[in-house]
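Quick one: structure below, then a few questions.
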Amino acid sequence: MPDAFSIRPAVQADGSFLADMVVEAANWRSGAARARHEILTAPEHRRYISGWMRPADAGVVAVDQEGQAIGAAWYRMLSQDDPGFGFVGTAVPELIIGVQPIWRAHGVGRALLRELVALARAHGHSRLSLSVEKDNFARALYRSEGFVGSEQGVVRETMVHRLA
């Protein structure tokens, strides 16, 4: 069982770890893992990490007691010309979150989510969006933290949290 963890601000040097967390987020379903290079070279995933850390980017990283990164949550402002899965508007940052499998169901995702929501609020954002597959267990976490569905797709749901 994992020990305690703490959360720190994400920095530019975290780009490689954020890429790892994009892979974890894309491979959340056990038994259906796609290769890291396949995920990171796909435009629909690359947009979440390419050029990290841009001026409008912000995030947090969870670390274990030894200082090893175990999860991350961050947001990016994406354009209407290159929207993400959870795009709802150019002024609404889109959240991405990933947690290493051994640390799931230990409060890491919830702690990261709460810190990122507080950070977005502090940066003056009025909303935060995300996209989640309908059968992903994380939907319950997002709902319990104030995210509500704004658009239903066949496989995915876009959710928005009003921060104001």
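Each row is one residue, and each column tells you yes or no for (1) charged (D, E, K, R); (2) farther than 21 Å from ALA42 by Cα.
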| site | (1), (2) |
| --- | --- |
| GLN80 | no, no |
| GLY86 | no, no |
| ILE97 | no, no |
| TRP103 | no, yes |
| HIS125 | no, yes |
| SER131 | no, no |
| ALA138 | no, yes |
| ARG143 | yes, yes |
| ARG156 | yes, no |
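May I pose another question? Conditions first: (1) closer than 14 Å to ILE96 by Cβ; (2) at pLDDT below 90. ALA19 passes all but one, so which condition is the exception?
Unmet condition: (2).
Please pick out the residue among VAL23, VAL108, VAL63, VAL88 that is of a type in the set (A, V, I, L, M) and under 17 Å from PHE147 (Cβ atoms).
Testing whether each residue is of a type in the set (A, V, I, L, M) and under 17 Å from PHE147 (Cβ atoms) leaves just VAL88.
Of all residues in the range 75-84, how many are open to solvent by 50 Å² or more (accessible area, probe 1.4 Å) and of a type in the set (D, E, K, R)?
Within the range 75-84, residues that are open to solvent by 50 Å² or more (accessible area, probe 1.4 Å) and of a type in the set (D, E, K, R) number 2.
Looking at VAL60 and the list (1) open to solvent by 70 Å² or more (accessible area, probe 1.4 Å); (2) at pLDDT 90 or above; (3) β-branched (Val, Ile, Thr), which single condition is not satisfied?
(1)
Among the candidates PHE5, PHE87, single out the residue that is touching a residue at least 24 places away in the same chain (Cβ under 8 Å), open to solvent by 30 Å² or more (accessible area, probe 1.4 Å) and touching a Leu at 6+ places or on another chain (Cβ under 9 Å).
PHE87
Select from the range 107-125 the residues that are assigned to a loop (DSSP other than H, G, I, E, B) and open to solvent by less than 70 Å² (accessible area, probe 1.4 Å) and list them in ascending order.
Matches in the range 107-125: GLY107, GLY124, HIS125.
Related question: Please give the number of the condition ALA72 fails out of (1) more than 17 Å from the chain's Cα centre (by Cα); (2) open to solvent by less than 50 Å² (accessible area, probe 1.4 Å); (3) of a type in the set (Gly, Ala, Ser).
It fails just one condition, (1).
Here's a follow-up. Among all residue pairs at least 6 apart or on different chains, which show Cβ distances below 9 Å where the first residue, located in the range 33-44, is over 15 Å from ASP82 (Cα atoms) and the second is open to solvent by 70 Å² or more (accessible area, probe 1.4 Å) and part of a helix (DSSP H, G or I)?
Close Cβ pairs satisfying both conditions: ILE39/ARG46; LEU40/ARG46.
Of the residues GLU133, GLU94, which is more than 17 Å from SER6 (Cβ to Cβ) and open to solvent by 30 Å² or more (accessible area, probe 1.4 Å)?
GLU133 is the lone residue from the list that is more than 17 Å from SER6 (Cβ to Cβ) and open to solvent by 30 Å² or more (accessible area, probe 1.4 Å).
The values are calculated or read from the model by the stated rules, or taken from the named source; none is laboratory data. Keep in mind that this is a model prediction, so the values were computed, not measured. We place every Cβ from the backbone using ideal geometry, glycine too, and count neighbours over all the protein chains shown. Surface accessibility is based on the protein's heavy atoms, side chains included, excluding ligands, DNA and RNA. Shrake-Rupley method; radii C 1.70, N 1.55, O 1.52, S 1.80 Å.
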